[in-house]
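Report on the structure given below.
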Amino acid sequence: GATGSDRPGREIRRLEGPVIEARPVERDPGPSPIRYFLDGSQKTLPVWRVGTVPVIASVSAAAVLKRTSPTDIGICEDTLVTRLHWIVPRHTRNATLDRIVDLLEEMGERVTDPFENEYEQDPDNYQRLVSAYTHCLEKAYDTASSLRAQVELNLLRLWEQMISPGDRDGWIVIDGLLDADIPNAIGLVKNAQVQHLHGQEAIALYDLPVGYRTSAYALVDRGDRQQWDRAMWYLRMQNATGQDARHGLVRLESPAIVGDLDLVDRISSWILAERAPRASSDSRWATLLYPIHLLERMLKRRIQAVTAGWPA
C-alpha cells in the first residue's frame with residue numbers, strides 16, 4: 001500500500017551538493033534497528049449497478065508486523081485493522097440509490113460519496129459526473145485507494161503513540177509514501193514511475209549500479225525553499241543490466257534526515273540488508289522486502305476470509 005499523494009506542485013532542494021549524483025552506500029556493520037513493517041491491501045468490487053451508477057464495495061486490511069529475530073515475526077497485537085467501505089453517490093436523485101444508501105447506513109455500514117466535493121461546489125456538474133459510468137468507476141477506485149491510505153496512516157499514528165514509546169530504538173518501514181512526520185519511520189516507494197529528476201540527474205538515477213544511491217533531496221513548496229519536512233533519495237536494490245531502467249529501484253523517504261544527513265547511508269545500508277531472503281514468488285521481488293511480502297500474504301488471507309462468497 002501507499003499512503004497519500006506524490007506531492008505535486010513542489011520543486012527540488014538538493015541536500016548533498018549542487019547536483020543529484022550517484023553515491024556508493026557504505027555498509028553499516030552494526031545490527032539494523034528496523035523491527036517493524038506497515039502495509040495495507042484492498043479488494044474493491046463493483047457489486048451492483050443502478051442505471052449508470054456503480055455501487056462499489058471495498059475491503060481494506062492493514063497491520064504492523066514486528067520482527068525481533070529471523071524466526072520471531074508476527075503481527076503486533078491490536079494492529080490488524082479491517083474496513084469495509086461502500087462507495088456510492090448520495091445525491092443522484094434516484095430513489096433506488098437513495099434507498100440503498102439509507103439501508104446501508106441503517107445497518108451501520110460506512111458509505112462514502114466519491115463526488116461529495118463536486119456536489120458541494122457544483123450540484124449540476126455533479127449530476128453530469130454521476131451519469132458517466134466509466135468515470136464513476138474510476139473515481140470509486142481512486143476513492144477506495146484513498147480510504148485504504150487513511151487506514152494505513154491511522155495505523156502508523158497508532159504505532160507512534162502506542163508501540164514506539166516502548167521501543168525507542170526501533171524503526172518502522174512503510175510500504176509506500178510517508179505522509180507523517182515520524183523521525184524513526186522510513187517510506188519505501190516501489191513504484192518509480194513518478195519523475196522527480198530530469199536531464200542529467202535522471203540519467204544518473206537510471207545509471208545507478210546495484211548498491212548505489214542518489215544524493216538526497218527534498219521537495220519544497222515553491223517560493224519557500226527553506227521549508228522541508230523529509231528527505232528522499234533513490235536506491236538500486238538489484239542489478240538492472242538488460243532490464244527496465246527502473247528494475248530494483250526504490251525511493252526512500254525519512255524525516256530523520258532533517259537533523260542528520262549521515263543517516264542517508266545508514267538507512268540505505270539497512271534497506272540493502274533486507275534483500276535476503278528474497279520474495280522470489282512475487283513478480284515485484286526486486287523491490288519487495290521479505291517482511292512486507294509476508295505481511296501482504298497475511299492481509300490478503302484476511303481479505304479473502306471477509307469476502308468469501310462474494311462475486312469474483
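Only the coordinates and a few stated rules stand behind these numbers; no lab work does. It should be emphasised that the depicted structure is a prediction, and the values quoted were computed from it without experimental measurement. Quick reminder, even Gly has a Cβ in these numbers, built from the backbone with ideal geometry, and neighbours come from all protein chains shown.
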- request: Set the Förster radius R0 to 30 Å, insert the Cβ-Cβ distance between Ala245 and Val47 as r into 1/(1 + (r/R0)^6), and round the FRET efficiency to 0.05.
  value: 0.15
statement: Loop-resident GluC sites (Glu not before Pro) in segment 77-133 with no more than 15 other Cβ atoms inside 10 Å, DSSP not H/G/I/E/B, are Glu77, Glu109
statement: For the chain, the charge dipole (Cβ of Lys, Arg +1; Cβ of Asp, Glu -1; about the Cα centre) points to a positive end, and the Cα of Pro255, Trp159, Thr307 closest to that extreme belongs to Thr307
field: Candidate aspartates and glutamates for bridging to Lys139, where Cα separation is under 16 Å - those fewer than 8 sequence places away on the same chain excluded
entry: Asp113, Glu116, Glu118
field: Debye, to nearest 20: dipole size of the chain, +1 on Lys, Arg Cβ, -1 on Asp, Glu Cβ
entry: 900 debye
Taking only Cα atoms of the chain, radius of gyration then Dmax in Å: 21.4, 66
- prompt: Under 15 Å Cα-Cα from Lys190, which aspartates and glutamates qualify once same-chain neighbours fewer than 8 residues away are excluded?
  reply: Asp6, Asp39, Asp175, Asp244, Glu253, Glu274, Asp282, Glu296
DSSP-assigned coil residues among trypsin sites (Lys or Arg not before Pro) in segment 21-101, each with at most 11 further Cβ atoms within 10 Å: Arg93
- prompt: How big is the equivalent ellipsoid of segment 111-228 along its three axes, where each semi-axis is √(5λ) from the Cα gyration tensor, reported in whole Å from largest to smallest?
  reply: 34, 24, 15
query: What is the Cα centroid distance between segment 50-87 and segment 151-185, reported in whole angstrom?
result: 16 Å
- request: Provide Rg and Dmax in Å for segment 97-170, with only Cα atoms included in the calculation.
  value: 17.9, 54
